[in-house]
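Before any comments, here is the structure.
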Amino acid sequence: MRRAAPALIVLFAACRQAPVEPCPARQLVAQVAPASRPSPFDSAFRAAGAEFHVPPALLEGLGWVETRWQMVQGTEEFPGRAAAFGVMALRGAALERGAALAGVPVESARHDPVANIRAAAALLDAYAREAGIDRTRIEAWSTVVFRYSDIELHEGRAAYTREVDRALGLTGAGPSLAPPAAPGACPPPPATGAPDYAPAVWRPSPNFDQRATDSTGTIHLVIIHTCESNYTSCWSWLVNPASQASAHYVVNEDGSEISQLVLEQNRAWHIAALYDCTLNRHHDCWLDGVQSNHFTVGIEHAGFASQDSFPGAQLNASAALVCDVTRDRGIPRDWQHIVGHGQLQPANRTDPGPRWPWIAYIHRVQARCGETVVDDSAQFNDSGVAAATVPVAWAASDTTPDFYGGGYRWAPTQPDAADGAVFSFLVASSGPRTVDARWTSGSNRSPLAAYAVITSAGNTVATVTMDQRTGGGTWHTLGTWTLPLGWNRVVLLRRGASGSVVVADAVRVRQ
């Protein structure tokens, strides 16, 4: 990686009401980006910096903070905030002005990385001229960075500037980043200990109201969002009264920090749609027409619906949070209760986007809460821990609501049937496990649906019968057994008196 001038790292020390926090910045560098990986746009940063008299490392640092050096094709997430585009996350009037100053078409500034970086550099050049800064004093650029952030709140501006300072440390400036700080000069990191999720930072937003006192106000779903911005810009906007928007939580890009903005017991303003059960596998249609904020917890994630992938550390941190919310609030960890913003508001939202890894993510949430779920359909299983084998005689359906995953399988009972539906799950260490099953109920279901629990050694430890005529869409405990290491399984049999059907939907194993 190319080396920047050491002075770049003290970028903002002199122009702030509070210190830059050089000590924590240096300690956190390893968490922010892989220092061994150069930017894929180094040549564009250098050329634009030289053309517009902006430090190339500053462009690089801003690009990292804004998009993690990704070309994003932004969409609107919060009313009043224009969509961001390109490596530099240019948006709205700033994008148009930067494009004009750089002499490039607005569409090129949106979609071409070189044009986007040049537009950002031209904009920074204009901000520097308008502020009358001494460009030879690198710390003077803090004023320009403040303006580029488009953050109104001082706390947010300071946090954004610290993130840029940390990113600058990744350009290879070396260990002598700033003069040693005087004792007590570094402000403490944000305190964790948020009211509902202790690892989070409590940053209260005024943008909330009370949930309804009737059943429509009972917390029932978790909605996954992307901010369409960087982390600091996201929480800064959501705690700003002018935004008239909020979420309960915001997860940063690398999972190292989560902000709680609204108490879970209160109604955050994160989704504009009325609930429509046809968008959620016909689940809880009695809520149709209810404003979705009434009964949901909203979790924003720094990043963009258009990005190619999401960092594993961010997904892990989010999964731990969602496990906590669902466990505390009694929310099932399934496809009808952990959903995307775009799923419930498809008219004008797409987040968290097509590359949000839903299968792996839901399994991460479940694993955090000590459970593995096996669906009847392979597409809803993490093949590393769950697999299903359903014979061809079992028909696929989704006509009865409250199924797990994308539907369920069913087959008629027969006295001599031997082709059961097999739900296999990996047990990582021998020990007691509780096994649950779920189905969709109906009057034609078997009152004696038989589930055989079989160990990885092939031993049947129990066969349990369940009445599938009632209790659809919820988990029912088959029992608790000590299961050995390896792939154990539950087989739903269809052997029985003719005249009814058995439904294979899902099996859950929990510690």
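One table, with the values for the structure above:
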quantity	calculated
Per residue solvent-accessible surface (Å²) - the chain, probe of 1.4 Å	39 Å²
Charged-residue dipole, Cβ positions (Lys, Arg, Asp, Glu), the chain about Cα centre, Debye nearest 20	800 debye
Per principal axis, descending, Cα span of the stretch 414-511 in whole Å	40, 28, 16
ARG327-SER397 pseudo-label distance in nm [points 7 Å out on the Cα-to-Cβ vector]	3.7 nm
Kirkwood hydrodynamic radius of the stretch 253-412, Cα pairs, Å	17.1 Å
Neighbourhood charge, 14 Å Cβ-Cβ cut-off, centred on ASP288 and excluding it, Lys, Arg +1 and Asp, Glu -1	-1
Principal-axis tilt of helix 312-329 within the chain, Cα atoms, nearest 10 degrees	50 degrees
Taking the chain and dividing mean pair separation by its residue count, relative contact order in percent (alpha carbons under 8 Å, at least six apart)	12 percent
Cα-only Debye scattering, the stretch 50-177: base-10 log of I(q)/I(0) at q = 0.18, 0.20, 0.23 Å⁻¹	-0.98, -1.22, -1.56
Evaluated at q = 0.14, 0.26 Å⁻¹: base-10 log I(q)/I(0), Debye formula over Cα of the stretch 374-454	-0.53, -1.58
Taking the stretch 430-508 and dividing mean pair separation by its residue count, relative contact order in percent (alpha carbons under 8 Å, at least six apart)	46 percent
Sequence ranges 425-431, 254-260, ranked by mean other-Cβ count within 10 angstrom, highest first	254-260, 425-431
Neighbourhood charge, 12 Å Cβ-Cβ cut-off, centred on GLN70 and excluding it, Lys, Arg +1 and Asp, Glu -1	-1
Length released on extending from ALA347 to ALA497, taking residue separation times 0.36 nm less the Cα-Cα span	49.1 nm
On Cα atoms only, tilt of 154-168 relative to the major axis of the chain in degrees	90 degrees
Burial order of peptide ranges 477-489, 443-455 (average beta-carbon count within 10 Å, highest first)	443-455, 477-489
Gain upon complete extension [LEU448, THR477; 0.36 nm per residue less C-alpha separation]	9.0 nm
Degrees between helix 42-52 axis and first principal axis of the chain (Cα, 0 to 90, nearest 10)	40 degrees
Centre separation in Å (Cα based) which lies between the stretch 208-229 and the stretch 450-511	35 Å
Heavy-atom accessible surface of the chain: percent carbon and sulfur, 1.4 Å	55 percent
Equivalent ellipsoid, the chain (semi-axes from 5 times Cα gyration tensor eigenvalues, Å)	51, 23, 21
Relative contact order (%) - criterion: Cα under 8 Å, at least six apart; region: the stretch 201-257	43 percent
Radius 15 Å from Cβ of ALA504, net charge of other residues (Lys, Arg +1; Asp, Glu -1)	0
Isotropically averaged projected area of the stretch 308-383, using the convex hull of Cα atoms (one quarter of hull area), nm²	5.6 nm²
Relative counts (whole %) of C-alpha pair distances in the stretch 208-271, using bins that are 10 Å wide	20, 52, 23, 4
Translational D in µm²/s for the stretch 322-480 (Stokes-Einstein at 37 °C, 0.692 mPa s, Kirkwood Rh from C-alpha pairs)	190 µm²/s
Peptides ranked, highest mean first, by Cβ atoms within 10 Å: ranges 45-51, 301-307, 247-253	247-253, 301-307, 45-51
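The values are calculated or read from the model by the stated rules, or taken from the named source; none is laboratory data. Here the structure is a predicted model, which means the values were calculated and not measured. FYI the Cβ positions are ideal-geometry reconstructions off the backbone, even for glycines, and counts take in every protein chain you see. Ligands, DNA and RNA are excluded from the accessible area calculation, which covers all protein heavy atoms including side chains. Shrake-Rupley method; radii C 1.70, N 1.55, O 1.52, S 1.80 Å.
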